[in-house]
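Any read-out appearing in this document is the output of simple, stated calculations on the displayed coordinates, not a laboratory observation. What you see is a predicted model, and the numbers here were worked out from it, not measured in a lab. So basically every Cβ, Gly included, is an ideal-geometry build from the backbone, and we count neighbours across all protein chains shown.
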Amino acid sequence: MNDYLLDSDVIIWFLRGKKEVVAFLKNLPKERLLGCSPLSIIEIKLGVRKGEEDATNQFFNALKIWEMDREIAEEAAGYIVSYRKKGIALDFVDATIAATCKLRNLTLLTYNSDHYPMQDIAKYKMPQLTM
């Protein structure tokens, strides 16, 4: 069974207390690791509101941080080049997250499936959000 990598959007919804996301993450199998990319930490920390710092830090402290390395960087660059040839522009953060999932055998949890057109990574169908 794969461990999980949280995309930034899922982290934001969790931290903002979106009930569907909170319940979903709390009900994931406990024997599987839950983590994120260090790039998601950057994305989230750039948007943290005053008063949210402690909860955000506690959340990240509870996660496995899936480190990046040269192999992941090379795979991410390959995704970007490959999809550019198809006329699809990939963000380097998304490409790096996808490469991490592929090379570390992780399942991606995201609401932004359109950011991840790759067919060689596992993606989890997230619960519908109510607005």
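Quick notes on this structure:
- Ranking A89, L28, N2 by Cα position along the charge dipole of the chain, where only Lys, Arg, Asp and Glu carry charges on their C-beta atoms, puts L28 farthest toward the positive end.
- The angle between the Cα long axis of helix 53-62 and the main principal axis of the chain comes to about 60°, on a 0 to 90 degree scale.
- Of the trypsin sites (Lys or Arg not before Pro) in region 20-126, those whose Cβ has at most 10 other Cβ within 10 Å and which sit in DSSP loop: K30, R49, K50, K86, K125
- Reported label for calculated Kirkwood radius over Cα pairs in Å given (i) 15.6; (ii) 14.1; (iii) 15.2: (iii)
- Stretching the chain fully between M68 and N105 yields a gain of 11.9 nm (0.36 nm per residue, less the alpha carbon separation).
- Label-point gap, in nm, between E53 and R16 - each point 7 angstrom along Cα→Cβ: 2.2 nm
- Pairs from K18/K64; K19/K123; K64/K86; K50/K86 whose Cα-Cα separation, in the structure shown, is over 30 Å: K64/K86; K50/K86
- Using Cβ point charges alone (K and R +1, D and E -1), the dipole size of the chain about the Cα centre works out to roughly 340 debye.
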